[in-house]
1. Which condition number in (1) more than 10 Å from every other protein chain (Cβ to nearest Cβ); (2) closer than 24 Å to A:S28 by Cα is the one that A:Q144 fails?
2. Kindly list the number of the only condition in (1) at pLDDT 90 or above; (2) at the interface with chain B (Cβ under 8 Å from one of its Cβ atoms); (3) open to solvent by 40 Å² or more (accessible area, probe 1.4 Å) that fails for A:S76.
3. Could we say that A:S94 is within 14 Å of chain B (Cβ to nearest Cβ), modelled with pLDDT under 95, closer than 30 Å to B:V3 by Cβ and surrounded by fewer than 20 Cβ atoms within 10 Å (Cβ to Cβ) here?
4. When you look at B:G332, is it surrounded by 21 or more Cβ atoms within 10 Å (Cβ to Cβ) and on the phi > 0 side of the Ramachandran plot, yes or no?
5. Can you name every residue in region A:50-64 that is of a type in the set (S, T, N, Q) and within 13 Å of ligand 1 (Cβ to nearest atom)?
6. Of the residues that make up region A:184-202, is at least one closer than 10 Å to A:G41 by Cα and more than 15 Å from the chain's Cα centre (by Cα)?
7. Being within 14 Å of another protein chain (Cβ to nearest Cβ) and either crowded, with 21+ Cβ neighbours inside 10 Å or under 34 Å from the mean Cα position of the chain (by Cα) (or both): is that true of B:A321 here?
8. So if I check each of A:G115, A:G69, A:G34, A:G26, which one is more than 11 Å from chain B (Cβ to nearest Cβ), under 26 Å from A:R131 (Cα atoms) and surrounded by fewer than 22 Cβ atoms within 10 Å (Cβ to Cβ)?
Amino acid sequence: MTPALEAIDVTRSYQLEDVRVDALRGVSLTIEHGDYVAVVGPSGSGKSTLMHLLGGLDRPTTGTLRVGGQDVAAMSQDQLAQVRNATIGFVFQSFQLLARTSAVDNVGMPLVYRGVRRAERRRCATEALERVGMGHRLAHRPSQLSGGEQQRVAIARALVGGPQVLLADEPTGNLDTRTGEEVMALLEALNDEQGVAVVLVTHDRDVAQRARRQVRVRDGLLEP
Amino acid sequence: MRVAEAYRVAVTALRANGLRSALTMLGVVIGVASVVVLVAIGTGAKREVEQQVQGLGSNLIIVVPGRLEFGSAPTKSRLELGDADRLRRATGQEVAVSLASGETVRFGTRSAFATVNGTNAAVSRVFVRPVARGEYLRETDVDTRRRVAVIGPELVTSLFDGADPLGRTVSVGGVRFRVIGVFASVGSSVGGSRDSEVHIPITAAQRLFGDARVDAMALEAPTTEDIPQVRKQTLAVLADRYPDEEFSAVTQDQILGTVGRILGLLTTVLAAIAAISLLVGGVGVSNIMLVSVRERTREIGLRKAVGARQRDVLLQFLLEAVLLTSIGGLVGIALGIGGSLGLAAAIDQLPAVITWWSPVLAFGVSAAVGVFFGVVPARRAGRLDPVVALRSE
Ligand SMILES: Nc1ncnc2c1ncn2[C@@H]1O[C@H](COP(=O)(O)OP(=O)(O)OP(=O)(O)O)[C@@H](O)[C@H]1O
Ligand SMILES: [Mg+2]
């Protein structure tokens, strides 16, 4: 079976004025269906960059990246957007919820780009919110929610499209231990019950240890 | 993304910045309203003048000294009454003559200032100039220099308080004339009221004004096809008699053409000035859209991250710009139509005609302005790199 995500010797460099920043310097990583991987490493080592590449949000400077077996280099921006929409769920470190927009509409947004009608979107979004225990906060706006609640809304948004892989960049970074624990339980339940592959970045040793395997990034390279 | 969804997002965004959206629209509103108002006034003026010219009579040829050109200096006439007879003999058509001057007309203690026109009997047949009561001047009135007058309906009101003036005697420039007829009302014109004219026999006018000439002559060709022929004969007679001078024999079509060109040009210039303000409004839209894209960079990044294609984002922002300008356009049209009608009602001499095309055009242009000025910001939004956009503050 083809792996969900496959990075083969990928690099990612940024050209700044006259200096070149090599955020990733040759990383190979395979995420299988139903995988549960923790990405750890010091700040600035390239974890977020790797997550963006894995999720098809960014393209490698060199190397090959396959999403669901398809090489992203062969895809247009728009095709890639559709692949992201269909197979990847992102949970961003800073929630990235739309202000002035209710929880249910925030969660339903990815479905807009699948051409799902509004009523159906609301139904799916409500279901996703119920799954993360936010069924009682449908009409609330981000500013009316606590940090943990916002993170759960963000997870619901990542789930709503039924992704194969959930990429979470420090999902517990902004949360206290107890709320962090709830969010982790949620992600693990998804992994267990629905077979969604979960890749999460964390600085928290305890969180990392719960994963099936750990990947350590240092200075743009994976440590063996 | 379906258009309905893009529309919903655009409306939400415009609402979120209500005042800013309204101010941006204001530029478009003013531009569209001024296009509609100025076109309405220009068209109204043109139509009014054309109606008056048409009201003169259809196969009319007017003979005036000098060259009839826009901007040429008026020429002192050397035409005299005898020339009318020569013309009549050469063309076989009746020839109307005119010698006009402004004079004070009195009845009892009342007085009014009127255009006094010395004419002959042919005027009533060459021109469309119906008499409501009494009758028009006759040949014998001209031949015997009888002091009789046909007056306009406005003078009946101002001098006689609406009482029957027939048979009464009025003083024209200090000389007594008996009223024998009252013109039917033809309404006022841009050049002044034709309803306060006084017609007296040309011979009496020449004595009254101390002038042996006539200002102009006019004759009517039997059919439209005869116009060139009659015109040629007319000019030949005059060239024969006044070899050193130029005369113009202008037809209704020529007058209509000249007047139409001048007023058409005027309307175009006015509309062009208004269009510039519409353009300025469009630049304002573009500016605000750029601000909007910058403010919502993270939103754009997020939308792209979860699957928005370039064209989805482009559509969303383009729709926002078009919505701004077309709502502004509709408000502008309403204001423009209201303003035109208001102006026309308030100012008597300012007719306004709303043509069907000017609001349609104004709306089309404002929507197009939205597309044109929205496309740059919208494309910028569509092309944003999602990772960069998400990282932005
Ligand atoms: N757009 C960019 N332009 C230039 N350099 C960049 C850009 N994005 C990231 N970098 C650089 O790449 C390196 C890796 O960044 P990245 O965000 O992946 O780190 P990280 O491991 O996620 O760190 P943290 O744990 O602090 O989030 C950093 O040195 C960063 O400065
Ligand atoms: Mg990071």
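The values are calculated or read from the model by the stated rules, or taken from the named source; none is laboratory data. In this text, all values refer to a predicted model and were calculated from it rather than measured experimentally. FYI the Cβ positions are ideal-geometry reconstructions off the backbone, even for glycines, and counts take in every protein chain you see. Accessible surface is based on the protein model in full, side chains and every heavy atom, while ligands, DNA and RNA are left aside. Shrake-Rupley method; radii C 1.70, N 1.55, O 1.52, S 1.80 Å.
1. Single failed check for A:Q144: (2).
2. Going through the list (1) at pLDDT 90 or above; (2) at the interface with chain B (Cβ under 8 Å from one of its Cβ atoms); (3) open to solvent by 40 Å² or more (accessible area, probe 1.4 Å), A:S76 breaks only (2).
3. Details: within 14 Å of chain B (Cβ to nearest Cβ): yes; modelled with pLDDT under 95: yes; closer than 30 Å to B:V3 by Cβ: no; surrounded by fewer than 20 Cβ atoms within 10 Å (Cβ to Cβ): yes.
No: the conditions fail for A:S94.
4. It is false that B:G332 is surrounded by 21 or more Cβ atoms within 10 Å (Cβ to Cβ) and on the phi > 0 side of the Ramachandran plot.
5. Of all residues in region A:50-64, those of a type in the set (S, T, N, Q) come to A:61-62, A:64.
Correct list: A:T61 only.
6. The first filter runs over region A:184-202 and keeps only residues closer than 10 Å to A:G41 by Cα, leaving A:201-202.
Now restrict to residues that are more than 15 Å from the chain's Cα centre (by Cα): none.
No.
7. In short, no.
8. Going through A:G115, A:G69, A:G34, A:G26 in turn, just one is more than 11 Å from chain B (Cβ to nearest Cβ), under 26 Å from A:R131 (Cα atoms) and surrounded by fewer than 22 Cβ atoms within 10 Å (Cβ to Cβ): A:G34.
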